[in-house]
Amino acid sequence: MSARHAVLGTAAKDQHSVVYESFVLRKRGAYVNWSYVKLYSMEDAREAANEAFFKLYLHWDDALASASTDAFAFKILRDVVADILRKRDRRPCVPVGLAFEPTVKPIAGIPSEEVDQITARMEVHRAVARLSERQNRCISLHYFLGYTPEEIADITGLAASTVRSHLAAGRSALAAILDASADEPPAHEKGHHG
């Protein structure tokens, strides 16, 4: 290899690294936030993002050659989060603590209205988990994390119009799920024929 080729090869690798590092800096916050919504653990969310970025680094040339580097990278993140959930026996972690325990109301002095809001939020989270994977992803990023459809498109690699379609379909599906659950008797009354 000539000295000229060695210098050009080094320059290409440096530029390649700069593009990867720029991508990671631009996506890290959104990846951690989305992972947190799925895993309910900031430590696990950061670990998921780090692992996804490491895997992306190993496949960076494939990502650049793909139809959408954003979609390629987000697929890696989704797979990492799915692996973490699988290790938990397929049971997503649920929010815990005083804020999510209606039974501690008398002890903690939490007003009934706040307990009702917490219960409603938990019901919404359960309903979102029942959506299709893409609807779930878009609804979570938009309503739980506050990203615009354009930002979601940038994070996931979907077209902004596709994101808006998934949001609309997800809202309709959520309304149907929540309406159906409102018609069901409470869990403690199911099967009781008094």
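Peptides 139-151, 120-132 ranked from most to least packed give 139-151, 120-132, packing being the mean of other C-beta atoms within 10 angstrom over each peptide's residues. Length available on full extension from ALA65 to VAL19: 0.36 nm per residue minus the Cα-Cα distance, which gives 15.2 nm.
Taken together, the values in this text are just the output of simple stated rules run on the coordinates, not laboratory data. Keep in mind the model is a prediction, meaning the values are calculated, not measured. Backbone-built Cβ (ideal geometry, glycine too); neighbour counts: all protein chains shown.
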